[in-house]
Amino acid sequence: MSQPSNILDSFRLNGRRALITGSSGGIGFALARALAQAGASVILNGRNPQKLESAVSTLRDEGLNAMSCAFDVTDANAVKLAVDSLEADGHEVHILVNNAGIQIRNPINEFAEQDWQALMRTNLDSVFYVGKAVAQKMIERRSGKIINICSVQSELGRPSIAPYAASKGAVKMLTKGMAIDLGPHGINVNGLGPGYFKTELTEKLVADPAFTQWLTSRTPSRRWGEVHELGGAVVFLASDASQFVNGHILYVDGGVTATL
Ligand code: NAP
C-alpha cells in the first residue's frame, strides 16, 4: 500500500461502487448518502421498490450517483441472483455494507418462535448470504471492503431484546471470522456498531419519555445519535484510510459501551 501524498485523499471513494443493504431509509440511507458524498456510486437496497426509488431520487437530486437493487436479504437465492446480475451488468461491488436489520421486543419467555426466526434471518443469515455472494466476486479482484452493521447490543443486553442482542453478538463474531478468512484475499471486513439513533426501528423508544430520560442519563454524550453522525465512520471503514484495519468493531455510540 503506497503512502498517499495527502492523508485526506485516502478517504476519497471516487471510482468505487458500494452496495448498502436496507438503505431505503434510516441508518442505511444515511450511510449510503455519506459514501456517495465521499465519491462512491451507491446501490440502494430494500424490499419495497417504491420506497427505494424515492430514496434514489433524493440522492440524485443532491447530485449524487445512486441506483437501486430490490431484493430480500433473507432469501439466499434472491441474494445470489441480484449480486450475479449486478456484476454481469458491470456494476461490480467494491464496498458492501450489510445493514438491513429488524428489531422485535418481547421478554424471552414470551418470544414467539417465528419472531426469533425472522429476526435471525434478517439480522444474521443475511450477513452470511450477501457477504458470501459479494466476497466471492471480491476475491477474484483481490480487493474489497465489507462493513457489517453491529450494535451496542453486540456487547450489552437490555430487558426484552435477548434475541436481537444474540443476533448482533453473532454479527460481531461473524465479522471477525470473515476478516480472518477474507483478509488473505485483500479484503477488509469490519463492524460498525451504532448506539441509539432515531429511526423507524427505534420510534417506540423515541416516543417514550422515560426511555429517553434513562438513555440520555447513561450516555456520556447525554443525547440520542443523529444518523448523519455515522457517516465519517463508514467512509473511514470503506476507504484506503482503513487499509490495515481488519476484524475491528468501531462503536459510534456517544460512549454507551464505555460505562455501566
Ligand atoms: P430501519 O429504519 O427500520 O430501516 C431498515 C431498512 O432495512 C429499511 O430500508 C428496510 O426497507 C430494510 N429491510 C428490512 N428488512 C429487509 C430485508 N429482509 N431485505 C432487504 N431490506 C430490508 O432500521 P435502522 O434503525 O435504520 O437500522 C439499520 C441497521 O442498524 C439494523 O441492522 C439495525 O439493527 C442497526 N442498528 C440500529 C440502531 C438504531 O438506533 N436505529 C442501533 C444499532 C444498530 P424495506 O422494509 O422496504 O425492506
Legend entry - Accessible solvent surface per residue of the chain, calculated while the other protein chains remain in place, 1.4 angstrom probe, Å²: 47
Legend entry - Taking region 147-220 and dividing mean pair separation by its residue count, relative contact order in percent (alpha carbons under 8 Å, at least six apart): 32
Inset, instruction - For region 103-111, just list the computed ³J(HN,Hα) in residue order, Karplus coefficients 6.51, -1.76 and 1.60, θ = phi - 60°, integers in Hz, with x standing in for Gly and Pro. - result: 10, 10, 9, 5, x, 4, 6, 10, 6
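Which of the peptides 226-237, 153-164, 49-60 is most tightly packed, and how do the rest follow, going by the mean number of other Cβ atoms within 10 Å of each residue?
Averaged packing, sorted descending, gives the order 226-237, 153-164, 49-60.
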Legend entry - In the chain, lysine pairs closer than 21 Å at Cα, eight or more apart or cross-chain: 16
Legend entry - Sequence ranges 90-100, 128-138, ranked by mean other-Cβ count within 10 angstrom, highest first: 90-100, 128-138
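On a full-extension model of 0.36 nm per residue, what is the gain between residue 248 and residue 223, subtracting their alpha-carbon distance, rounded to one decimal in nm?
Here the answer is 6.5 nm.
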Inset, instruction - For residue 252, list long-range residues whose amide hydrogen, built 1.01 Å from N in the peptide plane, is under 5 Å from its own amide hydrogen. - result: 193, 195
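Ignoring ligands, DNA and RNA, what percent of the accessible area of the chain is carbon or sulfur (1.4 Å)? Numbers along the way, then the final one.
Details: 6360 of 12270 Å².
Roughly 52 percent of what the probe reaches on the chain is carbon or sulfur.
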Legend entry - Long-range amide H partners of residue 246 with built H, under 5 Å: none
Legend entry - Sorted peptide list for 244-250, 16-22, 104-110, criterion being average Cβ within 10 angstrom, highest first: 16-22, 244-250, 104-110
Legend entry - For region 246-260, Karplus couplings with θ = phi - 60° (6.51, -1.76, 1.60), whole Hz, Gly/Pro x: 8, x, 9, 10, 9, 8, 10, 9, x, x, 4, 7, 8, 9, 7
Legend entry - ³J(HN,Hα), Karplus 6.51/-1.76/1.60, whole Hz, each residue of region 48-56, x for Gly, Pro: 9, x, 5, 4, 5, 5, 5, 5, 4
Legend entry - Sequence-separation-based contact order of the chain, relative, with Cα cut under 8 Å and 6+ spacing, percent: 20
Inset, instruction - With runs of 4+ DSSP H residues as the only contributors, calculate the mean residue ellipticity of the chain at 222 nm using -39,500 (n - 2.57) per run, divided by the residue total and rounded to the nearest 500. - result: -12500 deg cm²/dmol
Inset, instruction - With an 8 Å cut-off on Cα pairs and a minimum separation of 6 or more residues, tell me the relative contact order of region 62-189 in percent. - result: 28
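The values are calculated or read from the model by the stated rules, or taken from the named source; none is laboratory data. It should be emphasised that the depicted structure is a prediction, and the values quoted were computed from it without experimental measurement. Don't worry about glycine lacking a Cβ; one is built from the backbone with ideal geometry, like all the others, and counts go over all protein chains shown. SASA here: full protein model, heavy atoms, side chains in, ligands and nucleic acids out. Shrake-Rupley method; radii C 1.70, N 1.55, O 1.52, S 1.80 Å.
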